[in-house]
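Asks: Quick one: the structure is below, questions incoming.
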Amino acid sequence: TFKLAGEKYVTTRARGGWSAALTNGTAARDANSPSAEPDRWHASALNGTFAYGAEGAKGRLEADLGTINKTYDNNRAKTSLLDVTTNNVAGRVFARLGSRTLALAEISNAKTNYASAFSTDNNTERKYYVGVTWEATAATTGIVKIGSMTKDFDNGKAGFSGASWDATVRWLPLTYSAVDLQASRLTS
């Protein structure tokens, strides 16, 4: 993966960030595949974030836009159905609860389109979360979000609707070490 990223602080309240990435990957070898060669793919991704709200303010707003385009390079008889583009948008509102704690509400939408006209997997996934983010000490931070998620397929195929969560706790025991604990529920 090759990634470039940048940030721009327009004022003390308004800032933005962006990233662009190129990835070359290899899928795990499939025992049922007629090809002895594993599937190779490449992907390009563009993402942007805009935030409004000063560091110690009572509230903050954030918006994200992104796209990722994944294309397989070999075994095209099988992999041409897997070429996919996903466009996503998300918004968050933060409200200060204490000096180091913020409540949050988040809505996200991801639209996945497969390049092949034969694909039956085009879908839209939406997540609705509420949660909290904190910085307990300089060495411990975290974010926990709970809510619901839906995944609807364009062709009427059965989707998913149910509970969802996303949690990350980061502990920095030393300046050069980080321990991340993550848990989430998502569709695949």
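Asks: Just need log10 I(q)/I(0) for region 1-104 at q = 0.16 Å⁻¹, Debye formula, equal scatterers on the alpha-carbon atoms, no solvent, rounded to two decimals.
Replies: -0.79
Asks: Keeping every protein chain present and rolling a 1.4 Å probe, give me the accessible area per residue for region 1-125 in Å².
Replies: Working: 7780 Å² over 125 residues.
Result: 62 Å² per residue.
Asks: Now a separate question. For n ≥ 4 DSSP H runs only, could you compute -39500 (n - 2.57) per run for the chain, divide by its residues and tell me the 222 nm figure to the nearest 500? If you can, show how the numbers build up before the last one.
Replies: On the way: 1 runs with 4 residues, N = 188.
Counting only the DSSP helices, I get -500 deg cm²/dmol.
Asks: Tell me, what is the 1.4 Å probe accessible area of Y52, in Å² to the nearest 10?
Replies: Probe radius 1.4 Å; accessible area of Y52 about 110 Å².
Asks: Cross-link partners among aspartates and glutamates for K8, C-alpha distance below 19 Å, same-chain residues fewer than 8 apart left out?
Replies: Partners found: E55, E62, D64.
Asks: Could you work out how much longer the chain between N113 and K8 gets when fully extended? Use 0.36 nm per residue separation minus the Cα distance between them, nm to one decimal.
Replies: Result: 34.7 nm gained on full extension.
Asks: Could you pull out every one of the lysines with an alpha carbon less than 16 Å from that of K111, ignoring same-chain neighbours closer than 8 positions?
Replies: List returned: K70, K127, K151, K157.
Asks: Looking at region 109-152, which chymotrypsin sites (Phe, Trp or Tyr not before Pro) are in a loop (DSSP not H, G, I, E or B) and have at most 11 other Cβ atoms within 10 Å? Present the calculation step by step, with values, prior to reporting the outcome.
Replies: On the way: sites: Y114, F118, Y128, Y129, W134; in loops: F118.
Hits after loop and neighbour filter: F118.
Asks: With only alpha-carbon atoms counted, please give the Rg and Dmax of the chain, in Å.
Replies: Answer for the chain, Rg first and Dmax second: 19.6, 59 Å.
Asks: Moving to a separate point now. Note the full-extension length gain between S44 and T23 as 0.36 nm times their separation in residues minus their Cα-Cα distance, in nm to one decimal.
Replies: Numbers: separation 21, 0.36 × 21 = 7.56 nm, distance 0.65 nm.
Between S44 and T23, full extension yields 6.9 nm more.
Asks: Relative to a virtual label point 7 Å from the Cα of A178 in the Cα→beta-carbon direction, which members of region 43-84 show backbone nitrogen distances below 19 Å?
Replies: 47-49
Asks: May I pose another question? Test of the criteria: in region 4-95, which GluC sites (Glu not before Pro) are in a DSSP loop and have at most 12 other Cβ atoms within 10 angstrom of their Cβ? Don't skip to the answer; put the middle values down first.
Replies: Details: sites: E7, E55, E62; in loops: E55.
Sparse-neighbourhood loop GluC sites (Glu not before Pro): E55.
Asks: With every protein chain present, what accessible area does W18 have (1.4 Å probe, heavy atoms only), rounded to the nearest 10 Å²?
Replies: W18 exposes around 130 Å² with every protein chain in place.
Asks: Quick check: pseudo-label points 7 Å beyond the Cα along Cα→Cβ at N87 and S99, how many nm apart are they?
Replies: 4.6
Asks: Right, next: Leaving ligands, DNA and RNA out of it, work out the accessible area of F153 with a 1.4 Å probe and give it in Å² to the nearest 10.
Replies: Approximately 50 Å² of F153 is accessible to the 1.4 Å probe.
Asks: Then there's this: Please give the residues of region 64-90, grouped as numeric ranges, whose backbone N is less than 14 Å from a label point set 7 Å along the Cα-to-Cβ vector of D154.
Replies: Inside the label zone: 82-87.
The values are calculated or read from the model by the stated rules, or taken from the named source; none is laboratory data. Fair warning: this is a prediction, and the values are worked out from it, not measured in the lab. All Cβ positions, even for glycine, are placed from backbone atoms using ideal geometry, and neighbour counts span all protein chains on display. Just so you know, the surface numbers come from the protein's heavy atoms only, side chains and all, with ligands and any DNA or RNA stripped out. Shrake-Rupley method; radii C 1.70, N 1.55, O 1.52, S 1.80 Å.
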